[in-house]
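Structure first, commentary second.
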């Protein structure tokens, strides 16, 4: 197995900062990169705050948290990741953007380094084909929020080597996470099941079967879900939900995966959920209030 010590993370958003957090807490050295350096600085502050929460809950000692934070450094350019043993991409859920990142990485990374994508739906085989090392490419899909969620989906592309897979398995174990292995089909396991449920909840709203509040209450109390599907969609990001549904619809050519027109409208309006302050709920007040 390849010895992995240093990790590069591309994308300092909600998922990227969570990935950096858990790797640093597990003893890895982390370089965090984003095209927006302000986002990297914001991510470092978020990581510091979240480590503090773990200390307050006695999940980590203060010393452990301080050492973890010290292991994370900002990487101003992608070139700064050249000596990393593994680079994980956590950029927007957009095929062209991801391929461009991996093509650039191919000319920068040392030859024995591994590449991975945190994509929640896009073909690992297709992304690997944009690199100079498809046998060293793997999907490592973390759940949100990364520090709290136990599951990691590991996806092998058609060219992913056994050594790369075994190395990835060891990494997931060191992170203290549980691995679920998925075949390389659109949206993998979790989102293949979850996103159609969310999309159907949006159709239920769109068709007037129930209100935002009644749909979420029904699923929380009737199916014992910790949060309703529309609340969860806002948490994930409606743009991400739409992107995953489009991958399912285009990749499997089945009408049951057609994105709800209301989801499309919300994304067109820029109502993307919690991150923009408005989605199926309005987050501008003390308590979220339904927008429909």
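The values are calculated or read from the model by the stated rules, or taken from the named source; none is laboratory data. Bear in mind the structure is a predicted one, so any value in this text is a computation, not a measurement. All Cβ positions, glycine included, derive from the backbone under ideal geometry; neighbour counts span all protein chains shown.
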Mind checking which pairs have a first residue in segment 169-184 that is part of a helix (DSSP H, G or I) and a second that is at pLDDT below 95, Cβ under 7 Å, 6 or more apart or different chains?
-> 170/1
Where residue 95 falls short, out of the listed (1) over 17 Å from the mean Cα position of the chain (by Cα); (2) surrounded by fewer than 20 Cβ atoms within 10 Å (Cβ to Cβ); (3) touching a residue at least 24 places away in the same chain (Cβ under 8 Å) | (1)
Would you please name the residue that is farthest from the chain's Cα centre (by Cα), looking only at residues in segment 102-146 that are surrounded by fewer than 19 Cβ atoms within 10 Å (Cβ to Cβ) and in contact (Cβ under 8 Å) with a residue 60 or more places away in the chain?
-> 112
Residues of segment 185-194 being touching a helix residue (DSSP H, G or I) at 6+ places or on another chain (Cβ under 6 Å) and either outside any loop (DSSP other than H, G, I, E, B) or under 28 Å from residue 27 (Cβ atoms) (or both), in sequence order, are 191
Scan of segment 107-126 for residues that are touching a strand residue (DSSP E or B) at 6+ places or on another chain (Cβ under 8 Å) and over 20 Å from residue 249 (Cβ atoms), ordered by number = 109, 113, 114, 115, 116, 117, 118
Restrict the check to segment 184-204 and report whether at least one residue is on the phi > 0 side of the Ramachandran plot and buried (at least 23 other Cβ atoms within 10 Å of the Cβ).
-> yes
Any residue in segment 64-80 that is within 30 Å of residue 124 (Cα to Cα), free of Cβ contacts under 8 Å to residues at least 40 places away in the same chain and out of contact with any strand residue (DSSP E or B) (no Cβ under 9 Å at 6 or more places or on another chain)?
-> yes
Restricting attention to helices (runs of 4 or more DSSP H) lying wholly within segment 212-292, give those where 3 or more residues are at pLDDT below 95.
-> 238-252
Within segment 274-292, how many residues are within 18 Å of residue 211 (Cβ to Cβ), free of Cβ contacts under 8 Å to residues at least 60 places away in the same chain and in contact with a strand residue (DSSP E or B) (Cβ under 8 Å, 6 or more places away or on another chain)?
-> 4
